Amino acid sequence: MPRALVVGGGTGLGLASSLALAARGWQVFLTGRRGERLAQAQAQHPAGRCHWSAGDATVPADVQRVVAECVATLGGIDALVVSAGQGGVGSVLQADLADFERVMRASVWPVFLYSQAAVPHMGPQGGAICAIASVTASVPQPERVAYCSAKAAVVGMVRQMALDLAPRKVRVNAVSPSLVPTELSLGAIAKAPDPQALLAARIRSHPIGRIGTPEEIGQAVAWLCGEDAGWVTGQDFVMDGGLSLTAGVPR
């Protein structure tokens, strides 16, 4: 039975990815900062197929401890999924260094730290790493310098790690969604002067006529982690309902 460590697995796209993996027969080990959310997530999985340990994905000691607990519990790691990040608002002329550092740390460090810690526990058969990035890595939004830069860094790291880890048979890919209803995205929209108007505008920006679902992202992550994607590495799998196709369309 394949084994996956899911960072950020208590909520949102991490949880959706974990559920999709479990549905395909994986054992999963969840981590995140909030133990109560991880316990709630565990209850949504088949009995005995999900375990968890709380930790901060930006703290090296926490990362090493969680990976050790995962390996002790599951016997190894075949796939690593990293869903981590925070939002940030402001242009390069508005955002301060502390805010920029906060967003970069929350989005980029977990991919680096967990990959560094988990890959040595992937056996000679190799494994897979999948990082949740964002369409804003390639189609930036106004006044989001920290967030767009952080997600672009994640995609760049994914491509570079895919090259370095190929001799170990470890595939590395990113999934880059556009708007999907999660605690983070809906919380950001709720802060707008007119949240309903903003949501309607965001929906209209997708040619396919709707936003995505966490389940759709989870299914893509599960596929990229599995054997059916065995020849796929170093890719940024954009899931945006056609949003990026409209970058050059007058509005």
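At-a-glance table
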read-out: Close pairs from the stretch 209-233: first more than 16 Å from Leu179 (Cα to Cα), partner open to solvent by less than 50 Å² (accessible area, probe 1.4 Å) and at pLDDT below 95, Cβ under 9 Å, at least 6 apart; value: none
read-out: Residue in the stretch 139-149 that is surrounded by 13 or more Cβ atoms within 10 Å (Cβ to Cβ), in a loop (DSSP other than H, G, I, E, B), modelled with pLDDT under 95 and touching a Lys or Arg at 6+ places or on another chain (Cβ under 6 Å) present; value: no
read-out: Residue that is nearest to Gly32 (Cα to Cα), among those in the stretch 51-80 that are outside any helix (DSSP H, G or I) and hydrophobic (A, V, I, L, M, F, W, C); value: Ala54
read-out: Any hit, the stretch 32-42, residues being under 11 Å from Ala4 (Cα atoms) and not β-branched (Val, Ile, Thr); value: no
read-out: Unique match (being buried (at least 17 other Cβ atoms within 10 Å of the Cβ) and either modelled with pLDDT of 95 or more or assigned to a loop (DSSP other than H, G, I, E, B) (or both)) among Leu93, Leu113; value: Leu113
read-out: Check on Val221, in contact with a helix residue (DSSP H, G or I) (Cβ under 9 Å, 6 or more places away or on another chain), buried (at least 19 other Cβ atoms within 10 Å of the Cβ) and assigned to a loop (DSSP other than H, G, I, E, B); value: no
read-out: Of all residues making up the stretch 179-199, the number that are under 18 Å from Asp240 (Cβ atoms), small (Gly, Ala, Ser) and open to solvent by less than 40 Å² (accessible area, probe 1.4 Å); value: 1
read-out: Exclusive hit being at pLDDT 95 or above and either in a loop (DSSP other than H, G, I, E, B) or over 17 Å from the mean Cα position of the chain (by Cα) (or both), set Gly88, Gly10, Gly14, Gly48; value: Gly10
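The values are calculated or read from the model by the stated rules, or taken from the named source; none is laboratory data. Source: prediction; values computed, not measured. Note that we place each Cβ from the backbone using ideal geometry, even for glycine, and neighbour counts take in every protein chain shown. The area values use the complete protein model at the heavy-atom level, side chains included, leaving out ligands, DNA and RNA. Shrake-Rupley method; radii C 1.70, N 1.55, O 1.52, S 1.80 Å.
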